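To start, the structure under review is shown below, and the notes come after it.
The values are calculated or read from the model by the stated rules, or taken from the named source; none is laboratory data. Worth saying up front: this structure is predicted, and the values here are computed from it rather than measured. Positions of Cβ are backbone-derived with ideal geometry, glycine not excepted, and every protein chain shown enters the neighbour counts. Heads up: the accessible areas ignore ligands, DNA and RNA and are worked out on the full protein's heavy atoms, side chains in. Shrake-Rupley method; radii C 1.70, N 1.55, O 1.52, S 1.80 Å.
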Amino acid sequence: MSSILRPFLILFLLLACTCLNAQPRSRAEEGGKTRYYRHEVNVSIGGVAVRSGWSDDYERTVMDDFGLVVGKFGAGHGPGTLVYFEWDETPKLNYNSIYRSVSYYYHCNHHVALGGLVGYCSVKDNLGYSEVNRWSEELQRTGETFVRGTSLFLMPSVKWSWLNNQWCSLYMKATAGVHYQSLYLESETIPEEQLDGYDKYHLGLGYYVTPFGWEIGKQKVRWFIEFGLGSNNNFQMGLTYRFGRF
C-alpha cells in the first residue's frame, strides 16, 4: 500500500468505528431526527493517476518513432567518463493534474441511490529527449518532447449507504462508463509537420469501485472522502449537498 494513502486509510477506519458506535439501534432510538433526502449532488477533486493501456502504447510508439531517450543515468568523475542510460521499456503516461468531477444521485430508499458522474483531467508528460551527449562528464539534455491531452469520463453509478445517522454515513460505490482520451505532442526539436499525425483520440471503458466512503457534517451539506480502485483515480474528496426530503 502506498505510504501516502496509508495514514488516510487509518483515519478512515478510526472514523468508521466512531460512526458505528454512534449508529442508533432502532428508529425509536433515533427519535425521528435523522432526515433522508431524494436528491444528492457532489463536487469533488482527486489525485493519483488516470491510466489506460492505450495511452501507454501511444507513448511507446512515439518513443520508437523519434528515438527519444528516457530513463536513469549515471556519470563518474573526470573527463571522458561515460554517461549511460537505461532504456525504459514500459513508459507510463503520468497524469500530474487534479482530477475533477461532478456527480448526481437519486436515492431510491434509505440505502440505495442511482446516478452518475462527469469527470475531467488534463495531462502534460515529459516523454524524452531527442539529443543526448553520452560521452561527457556532465549530462546534456536537449530537445524535450511533451505529451499533452485530456481525459473525460461519463459514467453511471450505483451507491449503497450501509450506515446512516444524523451526522455521518459510510457507503460503497460502483461506477462504469465511457472514458474519452485525446493526446498530442509538443517538441522543441521535432518539426511541427511531423507531429500532426500524432494527434490521437480514443474511446474506451472507464470504471471506479469505492469500497470505502465516508461523509460527515450536517444532514443536507457534508464533506466526504473516499478511496477506490479504477481507471480514473484512487482517492478523492469534496462536498455533497442533499435536497428533497422523503
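Here are a few things to note about the model shown:
- Estimated distance in nm for a label pair at Tyr104 and Val118, the labels positioned 7 Å out from Cα along Cα-to-Cβ: 0.9 nm
- Neighbour net charge for Ser182 - beta-carbon separation under 12 angstrom, K R +1, D E -1: +1
- Compared with the alpha-carbon gap, the fully stretched path from Asp199 to Val221 is longer by 3.7 nm at 0.36 nm per residue.
- A crude spin-label estimate for the pair His111 and Leu163, with each label 7 Å from Cα along the Cβ direction, gives 1.5 nm.
- Heavy-atom accessible surface of Asp196, to the nearest 10 Å², is about 100 Å², with a 1.4 Å probe and all protein chains retained.
- With a Förster radius of 25 Å applied to the C-beta separation of Thr61 and Thr189, the computed FRET efficiency comes to 0.85.
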